[in-house]
Every structure is written in structure tokens, then in C-alpha cells.
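Asker: Following this message is one structure expressed as C-alpha cells.
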Amino acid sequence: MIWNREAECMSAEDMSELQLQRLQAVVKRAYEYVPYYKKRFNDLNIGPEHIETLDDIEKLPFTSKTDLRDAYPFGMFAVPIDEIVEVHTTSGTTGKPTVSGYTEEDLDIWGEVMARALTMTGVHKSDKIQNSYGYGLFTGGMGVHYGGQKIGATVIPISAGNTMRQLEIMQDFETTVLTCTPSYGLYLAEVAENEGIDTGKLKLKAGCFGAEMWTEEMRQELEKRLNISAQNIYGLTEIIGPGVAMECSIKKGLHIFEDHFYPEIIDPQTMKQVSDGENGELVLTTLTREGMPVIRFRTRDITALNRDICECGRTQVKMDRITGRSDDMLKIRGVIVFPSQIEKALLKIDGLEPQYQIIVTRPHHLDEIEVMVETSPALFSDEVKHVEEIKKNIEIKIHNEIGLRVNISLVEPKSLPRSEGKAVRVIDKRNL
Amino acid sequence: MKLKQISVFLENRKGRLWKALNILSLAKINIRALSIADTSEFGILRIIVPEPELAKHILEDANFVVKVNDVIAVSISDEPGGLDSVLEALNMLDINVEYLYAFVEKKGKNAIVIIRTEDIDAGINALEKGGVTVLSSEEVYSL
């Protein structure tokens, strides 16, 4: 099933033409209505008239997360606030969140791309979607909601959490499609098994999983344990939310809805575009957003583009599963964490050596962080209870900084590996 | 009448206790008394040695975290009820014991108990009032 055959199966030539028209229009809008872009373009002596071909996009400046944050709350909006009908934000763990503003037309586009995405998992009018993404400022809940309703399916807006209720509703309402993070999907499967629920008897047929990095092994696990087709969705709040790209039933990459989001892959060192098939950082430009056009947003996600013909019949460019980050950002249980935040918390403790290592694991499908800290005379005592108090204090300081519980392991001085240049601060054992 | 005790942080890893003791052995430092507090995540080695400052330095040179603090050593008769009288003396004056460990003298007549109270001076005071023999460092080292 293809939701919008005209757009999704467009010839490469027609697509390029459409993209160029839309790029020229969005650059003009950004230049005219967003003071930030006017200044950036003027500084580089470029204007909308310099975009004559799609390759000219390389003349345009990049937009970083910091740029968006500096414009907090509404500085990136290209329309008066009267025209904005909804806002969402990122979680804002590293400072102020970034705000995304949507006009009515933007919500329509969001519903459209999400309808395409859900259709790829086989969603039809008769389906019942259990939407276990969080509702609220987070984009996950509303994105699936709009897409599901556009198709005419029944959306169950259960939101995240309350696992027993999720399982009850899943059985009683005969849910056919599950949308949540892949790790929560596995957790649901585990709890269902422990509760003696025969997952083979559930009516589930597909799942649309995203909002965190996951692996092929996790897919196989989800498919086997929940007896579904598990497909990968990609998106980010800065661009629109979920629905930037989605894996079709062939499961060999995610089709980017490139009539709305123009993708480039760059080498994060040289900042130049790389060829198709080569790994690099995904950069996205919104081609149709009215409320908040974003030019060349550096996602920091590492992937590669692939323009081979897809067996599903769609012609839109595909990207690989995200394999990493071009910065040191970690996503732990869906929460963004930078090692620098943990370092900041550690530096608040007198006498602590700023030598640490973060170990991330996923023992039972849920992420765990262990922070190894070197002891020093200031952190040591002949009494066990004092050492434990010190450990607890470090745990609280980190919790206050990142909003997640961590386990502290005190290790002997000079026992953490020192490397020349950049220290290895993070060991991610999740195999993402 | 206070006695210096050395505490060493031990990571919960194979060979760490041996490493710490090996360093003392190579420096020919004789351990008079020893105890280990272990938790599921780390251990604390506590020792009484005749040269606490030297022991501290050589352990620190080997990257161990070391703390030197005061403890109390008392001598009790090595017979039933010996320790009871010590704890009774502390209890009378509401002194909390953080930890203690004991060893038997070579001659076998007395036992030595190392006691850590939160306030060492108050601990000594209570013990002396209760008629317990508090030992000096020299007395302990020469045992």
C-alpha cells in the first residue's frame, strides 16, 4: 500500500524540479521573514536569487541546534504568532529547549507524511493504532495521532507508560498496530510474557518504532516476540517530528519524504557533501514548512543515502538506519545526555578528580548508565557509611543534572584509561 | 593514647588486596592487626602498622587512596566476658562504636581490641572510666 503514489513514486527528474521550486520558495521565505536567516545570508553575501540549481544549496549556511536554541522561544518563526496553531519542543536537557511552531498547513503536512509512514506498516482505515509515544510537548504522540487520523484509522491515545494498562487495552480493544520506542516495545513483550499473555493471540500485526537508535537484532526480537512486522521511523522536532523518513516493508532503509525534507549527507569535518552510499552526517532542509522553515539543519545523525530502485515501488531516496552520532550525544531511555553534563555534575564535588568513564548498557531492554569515578583522599574514609554517602551524593548531583538515575562505581586512582588527546569517556555496550 | 590506623580503598577487583599487602611486604612493614570491610562494590582494608606514615607513602606511590586516622586499642583478658566489659563501658556513656576488630596476643593471655568510635577522645574517656586498659601505640607495636 502506498499512501500518496504521486509523490512517493515520482520520477527523479520531476522530484528534482519540485524540490528546486520548493527550495527557492523556502529560502526566500526564510530570508524575508526570519531575521536570523537574513543576517546569516547577508553575512555570506548570498540571497535567494543565488539558488538556481539544487547544488546551490551548498552555498547556504548550516543551522545548528545552538542557533535554534539561541532563538528561543519564537525567534525562528516565519509567520506571526496568530498563524501558529501548535507548538512542540525538544526535551531541553542541555539548556533551553528548541521550539517548533506549526501553522495549520504545517500540521496538514505532518499528518500527510505520517500517513505515508503508517501506510508503510500496512495501516488502513480499519486498523486500531495503540499510540504509546508520549503526548505533550514531545512530538511523538501528536505526530502519530495526526497521521493515523488522516488515514481514518482508530487512534488509541494511550501515551507512554502504565504497562499493565497498555496490555489490557491491547487485548480488550484488539489493537492491530503499536507505536512506541523499540525498547518500550520489547519491555511490553517481556511483561506480557511474564503475565502469561499469549502474544500469538494478540491482534497486533505491525509496529512503528523510533525516537531512539536501535538494531537489526532488536527488530528480529520485536518481530518474534510480538508476532508483528517491526519498522523503523525517523524524525526530529527541529524539522517536524516523526515522519521525516520511514522504512517500507522491504526493510532495507528508510524512505525520506524528500518532497518535504531535502536531505544531504556531509562530512562533519570538511562540511562538504559526500557521495551517495558514503556515510556522513545527515543535513535536512524543510522544503514546505511555513511556521518554521529550517535551512540545512545539522542533525548530527550518521547515515548514508541510497537511490537504488526499491522493490516496494517508491522512488523516494532511502537512508540507512542511523548508526551513530557526529557528536558525543547519548540517548538514554529516550533522554538526551551529553557526557559534558555528567562532567559538570562531577566538578561540583570537592576533591573529585575529573576522571570518569560512562558505561551504557541495556541489560533488560532498558538502558542503564554506570559512571566510574576515581576515588581520591577527599572521597574516602575508613568508614563504609561515609564512602556510601559520598557515592550517593555523586548520584544525586548527576541525577539533578541529567534527570536520570545512574550507578556510581568508585574505582582506584589512575585506574581509568588515559589516552593521548581525547579521553574515551563513553563506552556504549548497547551495540546500537 | 590514640593509635594510628591506615585505611586503604580497594576496588572490587581481583588481586587488589594482594597488591596492597605485597607493597607492604616488599617494604618490610609488619602488620600488627588487620580487618577488611567489604561491600558489594568496594572494600576498605584497615591495618595497624608500626610505621604508619611510611606505609601511607609507599601505598600512595602505588596509586592507592589511603587515609590515616585515630583508633583506640585496648587490652582485655582472653576469657569469656572480656569484650563485654569494654562495650559496657562505652554503652554507659552512650558512645557509638563504628566498628571494631580483635586479635589475640602472642603470649595468649590477653586479647587486643581495636575500636573506632565517632569521637575518639570521648571513647577513651569512657573506657578509662570503665576501668578498661587503653594501650599506647608503643605498647601495641611491641606486642
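The values are calculated or read from the model by the stated rules, or taken from the named source; none is laboratory data. Note that the structure is predicted; figures quoted are calculated from it, not measured. Every residue, glycine among them, receives a Cβ derived from its backbone with ideal geometry; neighbour counts consider all protein chains shown.
Asker: I'm trying to understand the selection: among the residues of region A:388-414, which are outside any strand (DSSP E or B) and facing chain B (nearest Cβ under 9 Å)? Write out each step before concluding.
Answerer: Residues of region A:388-414 outside any strand (DSSP E or B): A:388-406, A:412-414.
Correct list: A:E388, A:K391, A:E412, A:P413, A:K414.
Asker: With the requirement that a residue be within 14 Å of chain A (Cβ to nearest Cβ), of a type in the set (K, R) and under 23 Å from B:A73 (Cβ atoms), what does region B:4-38 give you?
Answerer: Of everything in region B:4-38, just one residue is within 14 Å of chain A (Cβ to nearest Cβ), of a type in the set (K, R) and under 23 Å from B:A73 (Cβ atoms), namely B:K4.
Asker: Could you please give the count of residues in region A:55-76 that are of a type outside the set (D, E, K, R) and out of contact with any helix residue (DSSP H, G or I) (no Cβ under 8 Å at 6 or more places or on another chain)?
Answerer: Qualifying residue count, region A:55-76: 7.
Asker: If I filter region A:59-80 for residues that are assigned to a strand (DSSP E or B) and either crowded, with 22+ Cβ neighbours inside 10 Å or small (G, A, S) (or both), do I get at least one hit?
Answerer: Applying the first criterion (assigned to a strand (DSSP E or B)) to region A:59-80 yields A:63.
Adding the requirement that they be either crowded, with 22+ Cβ neighbours inside 10 Å or small (G, A, S) (or both) leaves A:63.
Yes, some residue in region A:59-80 is assigned to a strand (DSSP E or B) and either crowded, with 22+ Cβ neighbours inside 10 Å or small (G, A, S) (or both).
Asker: Has region B:99-109 got at least one residue that is of a type in the set (S, T, Y), touching a residue at least 24 places away in the same chain (Cβ under 8 Å) and either under 17 Å from B:V49 (Cβ atoms) or in the same structural domain as B:I6 (by TED's automatic domain parsing) (or both)?
Answerer: yes
Asker: Here's a follow-up. Working only within region A:203-218, note down all residues that are surrounded by 14 or more Cβ atoms within 10 Å (Cβ to Cβ) and modelled with pLDDT under 95.
Answerer: Hits for region A:203-218 are A:G210, A:A211, A:E212, A:M213, A:W214, A:T215, A:M218.
Asker: When you go through (1) modelled with pLDDT under 90; (2) within 14 Å of B:R32 (Cβ to Cβ) one by one for B:K107, which number turns out not to apply?
Answerer: Just one mismatch for B:K107, condition (2).
Asker: Here's a follow-up. For region A:41-57, check the following and say yes or no: at least one residue is under 30 Å from A:Q149 (Cβ atoms) and either among the aromatic types (F, W, Y) or in the same structural domain as A:D301 (by TED's automatic domain parsing) (or both).
Answerer: no
Asker: In addition: What is the number of the single condition among (1) of a type in the set (V, I, T); (2) farther than 17 Å from B:Q5 by Cβ; (3) modelled with pLDDT of 95 or more that B:T133 does not meet?
Answerer: Evaluating B:T133 over (1) of a type in the set (V, I, T); (2) farther than 17 Å from B:Q5 by Cβ; (3) modelled with pLDDT of 95 or more leaves (3) as the failure.
Asker: Show the residue pairs that are 6+ apart or on different chains and have beta-carbon atoms under 9 Å apart, the first residue being within region A:180-192 and in contact (Cβ under 8 Å) with a residue 60 or more places away in the chain, the second being basic (K, R).
Answerer: Here the result reads A:T181/A:R333; A:S183/A:R333; A:S183/A:R362; A:L186/A:R225; A:E190/A:R225, each pair linking region A:180-192 to a residue that is basic (K, R).
Asker: Taking region A:325-342, which residues are surrounded by fewer than 17 Cβ atoms within 10 Å (Cβ to Cβ), of a type in the set (G, A, S) and either on the phi > 0 side of the Ramachandran plot or touching a helix residue (DSSP H, G or I) at 6+ places or on another chain (Cβ under 9 Å) (or both)?
Answerer: None - no residue of region A:325-342 is surrounded by fewer than 17 Cβ atoms within 10 Å (Cβ to Cβ), of a type in the set (G, A, S) and either on the phi > 0 side of the Ramachandran plot or touching a helix residue (DSSP H, G or I) at 6+ places or on another chain (Cβ under 9 Å) (or both), so the list stays empty.
Asker: Further question on the same structure: Looking at region A:264-297, which of its residues are of a type outside the set (F, W, Y) and in a strand (DSSP E or B)?
Answerer: A:E264, A:I265, A:I266, A:Q273, A:G280, A:E281, A:L282, A:V283, A:L284, A:T285, A:T286
Asker: For region A:331-387: of the residues being under 30 Å from B:V71 (Cβ atoms), among the hydrophobic types (A, V, I, L, M, F, W, C) and in a loop (DSSP other than H, G, I, E, B), which is nearest to the other protein chains (Cβ to nearest Cβ)?
Answerer: Step one: list which residues in region A:331-387 are under 30 Å from B:V71 (Cβ atoms), which gives A:349-353, A:373-387.
Filter again for among the hydrophobic types (A, V, I, L, M, F, W, C), leaving A:349, A:352, A:373, A:378-380, A:384, A:387.
If we keep only those that are in a loop (DSSP other than H, G, I, E, B) as well, we get A:349, A:352, A:380.
Working: A:I349: 15, A:L352: 12, A:F380: 5 Å.
The qualifying residue nearest to the other protein chains (Cβ to nearest Cβ) is A:F380.
Asker: Taking into account only those residues within region A:44-58 that are of a type outside the set (S, T, N, Q) and free of Cβ contacts under 8 Å to residues at least 12 places away in the same chain, which is surrounded by the most Cβ atoms within 10 Å (Cβ to Cβ)?
Answerer: Checked region A:44-58; the qualifying residue surrounded by the most Cβ atoms within 10 Å (Cβ to Cβ) is A:D56.
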